[in-house]
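Accompanying notes for the structure given below.
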Amino acid sequence: MGKLKIVDSFNYAIEGLIYVLKSQRNMRVHFLFAVLLLLLAIYLNISKIELLILLIAIAFVLFAEMMNTAVEYTIDLASKTVNPVARIVKDVSAGAVLLSAVTGLIVVYIIFFRHLNIPFESMVIKIKQSPWHLTFIALILVLSLVIAGKVFSHSGTPFRGGMPSGHAALAFCIWTAILFSTSNNFIIILVFVLAFFVARSRTANAIHNIWEVLSGAVLGVLATTLVFQLLK
């Protein structure tokens, strides 16, 4: 009877894993990525220690995704109405998945960097010479700073409300990148007008006040200028 219970528990666990794979697209993506990484690890004949670390990182990501699914179903079952606390719990759970995924990517990079002989120095040179890459870096930096600003000010979401305005920051980030990338005054003026109207729409729709929009615009300009001055 005891053995039957153990077998039943094992079967239930397998059913749970299969259910998550069937119902959750992110889980399927993580699982496929994990399989490809393991095949690549075997092909490159990485060391046992590296393989062990890789397996732990993969398990960490998959575990976080499964727990996030369990938390979401539990919240939906317990709360039949819209509850701000339930939303916070779901957001924190999703944040744990994001943290595990970023950590996993760092582990993968460290392990496979040496085996794949990635020309890191030449890549850095190309990035410094490419306005497109610099613009992408600037956008990531600006978005991160916007999120950080709203976290510390406890206001709004990344793209709606709060200090500073994310739309204004990204709009003026793009304008500043174009300012450094081209000498065509017509394009520079045209993009500035578009950025201005994006920023203006945030106050016109009462989503932000003027100071939140101005701070976003200044943040976008300063952060992008910093990226282009340091890396170009």
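The values are calculated or read from the model by the stated rules, or taken from the named source; none is laboratory data. From a predicted model like this one, the values you see are computed outputs, not experimental measurements. Methodologically, a virtual Cβ is constructed for each residue, glycine included, from the backbone with ideal geometry; neighbour enumeration extends over all protein chains shown.
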Condition met for TYR12 (surrounded by fewer than 16 Cβ atoms within 10 Å (Cβ to Cβ) and either under 28 Å from ARG114 (Cα atoms) or modelled with pLDDT of 85 or more (or both)): no
Test set (1) surrounded by 11 or more Cβ atoms within 10 Å (Cβ to Cβ); (2) within 26 Å of the chain's Cα centre (by Cα); (3) aliphatic (A, V, I, L, M) - ILE46 fails condition number: (2)
Pairs with Cβ under 7 Å, 6+ apart, first in the range 179-194 and closer than 18 Å to GLN229 by Cα, second among the aromatic types (Phe, Trp, Tyr): PHE180/PHE228
Scope the range 211-232; condition surrounded by 12 or more Cβ atoms within 10 Å (Cβ to Cβ) and of a type in the set (A, V, I, L, M); matching residues: VAL213, LEU214, ALA217, VAL218, LEU219, VAL221, LEU222, ALA223, LEU226, VAL227, LEU231
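Sort through THR69, THR103 and tell me the only one that's surrounded by 11 or more Cβ atoms within 10 Å (Cβ to Cβ), closer than 23 Å to ALA13 by Cβ and not hydrophobic (A, V, I, L, M, F, W, C). Step through it out loud before you land on a result.
Working: THR103 fails: closer than 23 Å to ALA13 by Cβ.
Within the list THR69, THR103, the selection yields THR69.
How many residues does the range 27-82 contain that are hydroxyl-bearing (Ser, Thr, Tyr) and part of a helix (DSSP H, G or I)?
Looking only at that region, the number is 4.
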